[in-house]
Amino acid sequence: MSTEPLVLAVDDEAGILRLMKLELSAQGFRVITAGGGDEAMKLAEENRPDIVLLDILMPDITGLELMRRMRERWSVPIVLVTAK
């Protein structure tokens, strides 16, 4: 069993996800990524991340809606990541 914190990074832009995964991995975190809300909910259910980095503007489910859905089920810390 790994002791490094698990981060779920959610963004619809693949380049941003690659950069987040690269940097967070270099800092010692385990990182899983999702390109949208439905995938993020599935990964959160399966992996129970220690923290979620969440883009606000996504095409399938907005980050704010996804955050609301996650909060209904878990008390995981969520950091909103946005260009706004």
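What does the accessible area of Asp60 come to, in Å² to the nearest 10, when a probe of 1.4 Å is used?
My reading of the accessible area for Asp60 is about 80 Å².
Heavy atoms only, probe 1.4 Å: what % of the accessible area of the chain goes to carbon and sulfur, would you let me know?
Of all accessible area on the chain, carbon and sulfur atoms account for 56 percent.
With n ≥ 4 as the cut-off for DSSP H runs, can you work out [θ] at 222 nm for the chain, using -39500 (n - 2.57) per run divided by the number of residues, rounded to the nearest 500? Walk me through the numbers on the way to the answer.
On the way: 3 runs with 35 residues, N = 84.
Taken over the chain, the calculation gives -13000 deg cm²/dmol.
As a test of reading the structure, rank Ile16, Ile32 by solvent-accessible area (1.4 Å probe, protein chains only), most first.
Working: Ile16 60, Ile32 35 Å².
Result, largest first: Ile16, Ile32.
Please list Glu13, Glu72 from largest to smallest accessible area, probe radius 1.4 Å, with all protein chains kept in place. Can you show the working numbers first?
On the way: Glu13 100, Glu72 130 Å².
Of Glu13, Glu72, the descending order of accessible area is Glu72, Glu13.
If each residue of separation counts as 0.36 nm, what is the full-extension length gain between Glu39 and Arg71 once their alpha-carbon separation is subtracted? Don't skip to the answer; put the middle values down first.
Details: separation 32, 0.36 × 32 = 11.52 nm, distance 1.62 nm.
This chain segment gains 9.9 nm when fully extended.
Considering all projection directions equally, how large on average is the shadow of the alpha-carbon convex hull of the chain, in square nanometres?
Values: hull surface 21.0 nm².
That works out to 5.3 nm².
Can you work out the PRE-style zone for Arg30? Point 7 Å along Cα to Cβ, and I want the residues of segment 50-83 with backbone N under 19 Å.
Residues 50-53, 75-78 fall inside that zone.
Using a probe radius of 1.4 Å on heavy atoms only, what accessible surface per residue do you get for the chain? Whole Å² is fine. Working shown, then result.
Working: 5110 Å² over 84 residues.
Averaged over the residues of the chain, the accessible area is 61 Å².
Quick one: ranking Ser75, Ser25 by accessible area, 1.4 Å probe, largest first, what do you get? Could the numbers behind the result be given before it?
Details: Ser75 110, Ser25 55 Å².
If we order Ser75, Ser25 from most to least accessible, we get Ser75, Ser25.
For the pair Arg18 and Val81, how long in nm is the line joining their label points, each one 7 Å along Cα→Cβ?
1.4
The values are calculated or read from the model by the stated rules, or taken from the named source; none is laboratory data. For clarity, every value in this text was computed on a predicted model and none was experimentally measured. Heads up, the Cβs are rebuilt from the backbone with ideal geometry, glycines too, and the neighbour counts pull from every protein chain shown. These accessible areas exclude ligands, DNA and RNA; they are computed on the full protein's heavy atoms, side chains included. Shrake-Rupley method; radii C 1.70, N 1.55, O 1.52, S 1.80 Å.
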